[in-house]
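Single-structure report; data block below.
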Amino acid sequence: MNAPVVLAKAAPDGLLQVVRDAVRLPQGARIVAAMSGGVDSTVTAALLARAGYDVVGVTLQLYDHGAAIQKKGACCAGQDIHDARTAAEAIGIPHYVLDYESRFREQVIEDFADAYLRGETPIPCVRCNQTVKFRDLLDVARDLGAEAMATGHYVRREVGPHGPELHRAADPARDQSYFLFATTAEQLAFLRFPLGGLPKPAVREAAAGLGLSVADKPDSQDICFVPEGRYTTVIDRLRPHGAEPGDIVHLDGRVLGRHEGVTRYTIGQRRGLNVAVGDPLFVVKIDADARRVIVGPREALLTHALTLKETNWIGDLPSLEAACDAGRPVLARVRSTREPVPGRLAWVDGQPGLAFDASEEGVAPGQACVLYAPEAPTRVLGGGFIDRTVRDV
């Protein structure tokens, strides 16, 4: 590695104390910092180093960055790897790039395409955190002799009476807890989130104050492997039969028109249906096996219960199943852009599930249902992927 470049300024003592409080390890402890090349993960690594930890930066090459190097706002592409390497040199820490392209393709991209073929609306960022980053990369961190792995996610790790807890970020506008619901108790014991107690402007100020070249770099906006936000481009390439045409059918059984593939539709969609019956119509169900897109009025989107699959539980009860037995009250978040709403865990048609106190609109299979504690609304209890919905009509 080249000789480290001296950063422009030292981080304020108060900021370093926030980092130490989040890490709760003695100075000198080895911490692997996951560096995506963005401002958040770069500031995380820089502050950890300034706080006196033995920091090792690791960046994952997750997909063909040769094709994506021209795409701005995507993590783990060619430019981002370059930015991460440059930042590690400036901070003065060792840095490794790991080729996880085949794992990422199998565990995230292929799963993404298959979910759309099933008529679901997937969340690849959750799957990436669940598999490549918080499972495979944690193993690498341990192999490097680290006592913890730190990321730039905006969530908080708090130590409660029964061990580490996952909490929403202090800055609600930046909270990423929805995407980390699948973090297990074992993983949470090893992970650290130094930025969880900070607002985003403070992070950018820290980057500028430290003289980091990524201080003004834009945040990621799209799914990293989806060019220009057009997810159908990826699906058509991987699963071309997803573009097979079929019928657009009203709930009352009327065939209203034709579509060019079920993968082009999501629950709650209104635009692009190209059918007209006078009243607004929304996609209320996708029957992928029959290649049918089912539409209806807005009230047909209302859901009073759902079932969960691939669940994770980090609450105080022994398991999510035990919480269903107890009818545990929760706050449920079914979209990353929505606030949690009241409900209770229950058995729904023999599966672990959730019953809403008041019907929720546009709940889509494949999305995550993330659970929070009503008595401590920032605390994540776990969650699962939505399997089926029970609608009002």
**Complete:** Scanning the range 337-353 for residues that are touching a Lys or Arg at 6+ places or on another chain (Cβ under 7 Å) and not charged (D, E, K, R) gives P340, L345
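Report yes if some residue within the range 278-298 is of a type outside the set (K, R), in contact (Cβ under 8 Å) with a residue 12 or more places away in the chain, closer than 25 Å to S177 by Cβ and in contact with a strand residue (DSSP E or B) (Cβ under 8 Å, 6 or more places away or on another chain); otherwise report no. Give the derivation first.
Within the range 278-298, the first condition is being of a type outside the set (K, R), and the residues that meet it are 278-284, 286-290, 293-297.
In the following step, the residues that additionally are in contact (Cβ under 8 Å) with a residue 12 or more places away in the chain were identified as 279-284, 286-288, 290, 293-297.
Within this subset, residues satisfying the condition of being closer than 25 Å to S177 by Cβ are none.
No; the residues of the range 278-298 include none that is of a type outside the set (K, R), in contact (Cβ under 8 Å) with a residue 12 or more places away in the chain, closer than 25 Å to S177 by Cβ and in contact with a strand residue (DSSP E or B) (Cβ under 8 Å, 6 or more places away or on another chain).
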**Prompt:** What is the residue count in the range 9-20 for residues that are open to solvent by less than 20 Å² (accessible area, probe 1.4 Å) and either in a helix (DSSP H, G or I) or modelled with pLDDT of 95 or more (or both)?
**Reply:** 2
**Prompt:** On the given criteria, is R333 in contact with a helix residue (DSSP H, G or I) (Cβ under 8 Å, 6 or more places away or on another chain), buried (at least 19 other Cβ atoms within 10 Å of the Cβ), charged (D, E, K, R) and touching a residue at least 12 places away in the same chain (Cβ under 8 Å)?
**Reply:** yes
**Message:** Could you go through the range 21-32 and let me know if any residue there is over 25 Å from the mean Cα position of the chain (by Cα), surrounded by fewer than 22 Cβ atoms within 10 Å (Cβ to Cβ), in a helix (DSSP H, G or I) and of a type outside the set (G, A, S).
**Reply:** no
**Asked** If we scan the range 118-139, do we find a residue that is among the polar types (S, T, N, Q), assigned to a loop (DSSP other than H, G, I, E, B) and closer than 18 Å to V58 by Cβ?
**Response** no
**Message:** Could you tell me how many of the residues in the range 186-222 are surrounded by fewer than 18 Cβ atoms within 10 Å (Cβ to Cβ), under 20 Å from Q79 (Cβ atoms), under 22 Å from the mean Cα position of the chain (by Cα) and not acidic (D, E)?
**Reply:** 2
**Prompt:** For the range 302-325, does any single residue satisfy the condition of being open to solvent by 40 Å² or more (accessible area, probe 1.4 Å), in contact with a His (Cβ under 9 Å, 6 or more places away or on another chain) and either closer than 27 Å to G272 by Cβ or among the hydroxyl-bearing types (S, T, Y) (or both)?
**Reply:** no
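The values are calculated or read from the model by the stated rules, or taken from the named source; none is laboratory data. These numbers come from a predicted model, not from an experiment. Neighbour counts are summed over all protein chains in view; Cβ atoms, including those assigned to glycine, are modelled from backbone coordinates with ideal geometry. To get the accessible areas, we keep the full protein, side chains included, count just its heavy atoms, and leave off ligands, DNA and RNA. Shrake-Rupley method; radii C 1.70, N 1.55, O 1.52, S 1.80 Å.
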